[in-house]
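Trainee: Provided herewith is a single structure, encoded as structure tokens, for subsequent inquiry.
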Amino acid sequence: MNISSLLRRSAQLFPDRPALLHGARVLHDYRQLAARVAALAAFLRERCAVAPGDRVAIYSANGPQYLEAQHAIHWCGAVTVPVNYKLHARELAYVLQDSGARVLCTSPTLHDAARQACAAGERVLVLGSAEWEQAAHGTPMALHDAAPEDVAWLFYTSGTTGRPKGVMLTQRNLLAMTMAYFTDVDEVAAGDAMVYAAPMSHGAGLYNYAHLLRGARHVVPESGGFDPAELADLAARIGHLTLFAAPTMVHRLVAHLQRAGGDGSGFKTIVYGGGPMYVEDLRRAMDVMGQKFVQIYGQGESPMTITALAREQLMATDHPRWTDRIASVGVAHACVQVRVADAEDRDVPTGELGEVLVRGETVMAGYWNKPEATAQTLRGGWLHTGDIGSLDADGFLTLRDRSKDVIISGGSNIYPREVEEVLLLHPRVSEVAVVGERDADWGEIVVAFLVAEGEPVPDAELDALCLSHIARFKRPKHYRWLPSLPKNAYGKVLRREMKRLHSPS
Ligand code: AMP
């Protein structure tokens, strides 16, 4: 089944409902959106010679035509290759070459970079250009009838280490992920609106399908990105907004609302994930905005869908293990199995740390043209996430860190997250990332990079805070203050980059 059949279905059931908005302005209803997508698909097929299974890349910041491009590619049976628009032309060139994309859709501001990257004569289409508009008004084609195992989405992992790999997500994966939204994240009503403030090339873009299925609105902010003031304003004007946000975005949105005296009442749901949410930040967010939060844990290889921490669980403040639960990433989504295993893939006892393994309908088919990496990551039929965590007796998973981020100092394992949680208790610490630095005596030492809210805090005060919460050997040996932490386009802290830039070599 072609995932774009969800669009066709909604166009039949709710043709007049507003579908696509730019800011608060309605651009198209469902009938128009489906007609444009089907015409753009015909253009790809006939004018750009895109056959079913061919790859078509999108290299664009968020914009209303992003959704059109995404669905036009699905509609004609091709494979969407979403590319992080913050990548350099050279990195884009790598993705184009590796995926063998024949056509590249880009936004006007990225046109030059896109041209530079197209070494193999790829056709470049500019979203929203006169050519695009003309194509959107052309003769539509019938929806391509895809098979469940056909690849629909080729997502290049963020590549914070090594070369990115293309994760092959099939039609079945995308459909399962969509259904998992309803079972474990949230219900969607007709009047709801999904707002795309996080990059559509990543998780936010994947949340369109659930909203499409229910005939809800899709809102692309005019800024094309995350601007807390703009979002708060949109929420007030449009209402019933659902936002997918990295924890750092939630942090900034809440800080804005606190400054502006707002409570974010126009938001219906905020789904957060993609990185650790610190307990202090979450408490503050719930104090300011009320109970609108749901957490998801996923990765490109099992998109948006490994575990979820439901609204009800976050609300159950009188539960005896509430504090532990809100620090967890919740329980396995209904459509997947999650276990925690040792290096030989044997289950570890409840409460003990191991690697998180996942099996189920959302797990990728493999890496594009990388049979060895595929066999290694999917060995034994389980996705090896590279994340370290533990399961409690009720099935709640608590993540520690990526295995590669664990600091080994004097032979002891130190999980950065644990130290970060403590440092964030200080009211003048706004953001923090803890890393290991090479050390002749200890192997590695713990170093904290911090962003201040106001004046930096003296080392002695932070030392005292750490000593009152965690073992002495976990206390950072150095505190380094930065104006901001380096992050990738998805809001993830680039630990290696930070170490490279700010640590003495
Ligand atoms: P990506 O494949 O770029 O989406 O990155 C996925 C990785 O982000 C996961 O393997 C985790 O390490 C991390 N991650 C995703 N969701 C969460 C979460 N809710 N809490 C902590 N880390 C997360």
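Trainee: Determine if segment 220-240 includes at least one residue that is modelled with pLDDT under 95, in contact with a strand residue (DSSP E or B) (Cβ under 7 Å, 6 or more places away or on another chain) and either of a type in the set (D, E, K, R) or farther than 17 Å from G191 by Cα (or both).
Mentor: no
Trainee: Could you figure out which of (1) modelled with pLDDT under 95; (2) buried (at least 24 other Cβ atoms within 10 Å of the Cβ); (3) under 21 Å from the mean Cα position of the chain (by Cα) isn't true of A61?
Mentor: Here A61 clears every test but (2).
Trainee: Does A464 satisfy being more than 17 Å from S409 (Cβ to Cβ) and free of Cβ contacts under 8 Å to residues at least 12 places away in the same chain?
Mentor: yes
Trainee: Within segment 247-268, is there a residue that is within 23 Å of L399 (Cα to Cα) and outside any helix (DSSP H, G or I)?
Mentor: no
Trainee: When segment 274-307 is examined, which residues are found to be assigned to a loop (DSSP other than H, G, I, E, B), near the ligand (Cβ under 9 Å from one of its atoms) and not aliphatic (A, V, I, L, M)? Break it down stepwise before answering.
Mentor: At the first step, the residues of segment 274-307 found to be assigned to a loop (DSSP other than H, G, I, E, B) are 274-278, 290-292, 300-301.
Then keep just the ones that are near the ligand (Cβ under 9 Å from one of its atoms); that gives 274-277, 300-301.
If the condition is that a residue be assigned to a loop (DSSP other than H, G, I, E, B), near the ligand (Cβ under 9 Å from one of its atoms) and not aliphatic (A, V, I, L, M), then G274, G275, P276, G300, E301 are the ones that fit.
Trainee: If I filter segment 476-493 down to residues being open to solvent by less than 60 Å² (accessible area, probe 1.4 Å) and away from the ligand (no atom under 16 Å from the Cβ), which single residue comes out as nearest to Y85 (Cα to Cα)?
Mentor: L482
Trainee: Is it the case that segment 434-456 has a residue that's of a type outside the set (D, E), within 16 Å of the ligand (Cβ to nearest atom), open to solvent by less than 40 Å² (accessible area, probe 1.4 Å) and free of Cβ contacts under 8 Å to residues at least 24 places away in the same chain?
Mentor: no
Trainee: Go through (1) open to solvent by less than 60 Å² (accessible area, probe 1.4 Å); (2) farther than 20 Å from V81 by Cα for V151 and report which single condition fails.
Mentor: (2)
Trainee: What is the one condition in (1) away from the ligand (no atom under 16 Å from the Cβ); (2) open to solvent by 70 Å² or more (accessible area, probe 1.4 Å) that R496 does not satisfy?
Mentor: Against the list (1) away from the ligand (no atom under 16 Å from the Cβ); (2) open to solvent by 70 Å² or more (accessible area, probe 1.4 Å), R496 comes up short only on (1).
Trainee: Right, next: Yes or no: E312 open to solvent by 50 Å² or more (accessible area, probe 1.4 Å) and among the acidic types (D, E)?
Mentor: Yes, satisfied.
Trainee: Taking A343 as the residue in question, decide whether it is open to solvent by 60 Å² or more (accessible area, probe 1.4 Å), of a type in the set (A, V, I, L, M, F, W, C) and without any contact (Cβ under 8 Å) to a residue 60 or more places away in the chain.
Mentor: Yes; evaluated as a whole, the condition is true for this residue.
Trainee: Could we say that Y209 is in contact (Cβ under 8 Å) with a residue 12 or more places away in the chain, under 24 Å from Q12 (Cβ atoms) and open to solvent by less than 10 Å² (accessible area, probe 1.4 Å) here?
Mentor: Details: in contact (Cβ under 8 Å) with a residue 12 or more places away in the chain: yes; under 24 Å from Q12 (Cβ atoms): yes; open to solvent by less than 10 Å² (accessible area, probe 1.4 Å): yes.
Here the answer is yes, as Y209 does meet what is asked.
Trainee: Among the residues of segment 392-433, which ones are over 21 Å from L357 (Cα atoms), among the charged types (D, E, K, R) and not in a helix (DSSP H, G or I)?
Mentor: Hits for segment 392-433 are R428, E431.
Trainee: Separate question: For segment 375-391, name all the residues that are in a strand (DSSP E or B) and either among the aliphatic types (A, V, I, L, M) or more than 16 Å from the ligand (Cβ to nearest atom) (or both).
Mentor: The answer is L383, I388, L391.
Trainee: Considering only helices (runs of 4 or more DSSP H) fully contained in segment 102-218, which possess at least 2 residues that are away from the ligand (no atom under 16 Å from the Cβ)?
Mentor: Here the list reads 111-117, 130-136, 171-180, 208-213.
Trainee: Here is a check on your reading of the model: is E312 more than 14 Å from the ligand (Cβ to nearest atom) and farther than 26 Å from A229 by Cβ?
Mentor: yes
Trainee: Here's another thing I want to ask about it. Looking at the structure I just gave you, is L234 touching a Gly at 6+ places or on another chain (Cβ under 8 Å) and either surrounded by fewer than 20 Cβ atoms within 10 Å (Cβ to Cβ) or not in a loop (DSSP other than H, G, I, E, B) (or both)?
Mentor: yes
Trainee: Related question: Step by step: first the residues of segment 345-361, then only those that are in a loop (DSSP other than H, G, I, E, B) and aliphatic (A, V, I, L, M), then the one that is farthest from the ligand (Cβ to nearest atom). Which residue is that?
Mentor: Going through segment 345-361, the residues in a loop (DSSP other than H, G, I, E, B) turn out to be 345-346, 348-353, 361.
Retained after the next criterion (residues that are aliphatic (A, V, I, L, M)): 348, 353.
On the way: V348: 18, L353: 14 Å.
Going through the qualifying residues, I end up with V348.
Trainee: Kindly provide the set of residues from segment 372-411 that are open to solvent by less than 40 Å² (accessible area, probe 1.4 Å) and more than 21 Å from V434 (Cα to Cα), ordered by number.
Mentor: A373, T374, T377, L378, W382, L383, H384, T385, G395, F396, L397
Trainee: Restricting the search to segment 362-371, which residues are assigned to a loop (DSSP other than H, G, I, E, B) and surrounded by fewer than 19 Cβ atoms within 10 Å (Cβ to Cβ)?
Mentor: A365, N369, K370
Trainee: Among all residue pairs at least 6 apart or on different chains, which show Cβ distances below 7 Å where the first residue, located in segment 380-391, is of a type in the set (D, E) and the second is near the ligand (Cβ under 9 Å from one of its atoms) and open to solvent by 20 Å² or more (accessible area, probe 1.4 Å)?
Mentor: Here the result reads D387/L399; D387/R402, each pair linking segment 380-391 to a residue that is near the ligand (Cβ under 9 Å from one of its atoms) and open to solvent by 20 Å² or more (accessible area, probe 1.4 Å).
Trainee: On to the next question. Restricting to segment 34-66, count the residues that are closer than 21 Å to R9 by Cβ and of a type in the set (V, I, T).
Mentor: Total meeting the criteria: 1.
Trainee: So the check is Cβ under 7 Å with 6+ separation or different chains; which pairs have a first residue in segment 472-493 that's at positive phi and a second one that's within 16 Å of the ligand (Cβ to nearest atom)?
Mentor: Taking only residues 6 or more apart or on different chains, the pairs are G491/A246; G491/T248; G491/M249; G491/G274; G491/G275.
Rundown of residues vs (1) open to solvent by 10 Å² or more (accessible area, probe 1.4 Å); (2) of a type in the set (S, T, Y); (3) modelled with pLDDT of 95 or more, yes/no style:
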site: R115; (1), (2), (3): yes, no, no
site: S129; (1), (2), (3): yes, yes, yes
site: F155; (1), (2), (3): yes, no, yes
site: H218; (1), (2), (3): no, no, yes
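The values are calculated or read from the model by the stated rules, or taken from the named source; none is laboratory data. Source: prediction; values computed, not measured. Neighbour counts run over all protein chains shown; Cβ positions are idealised from the backbone, glycine included. The accessibility values were calculated without ligands, DNA or RNA, using every heavy atom of the protein model including side chains. Shrake-Rupley method; radii C 1.70, N 1.55, O 1.52, S 1.80 Å.
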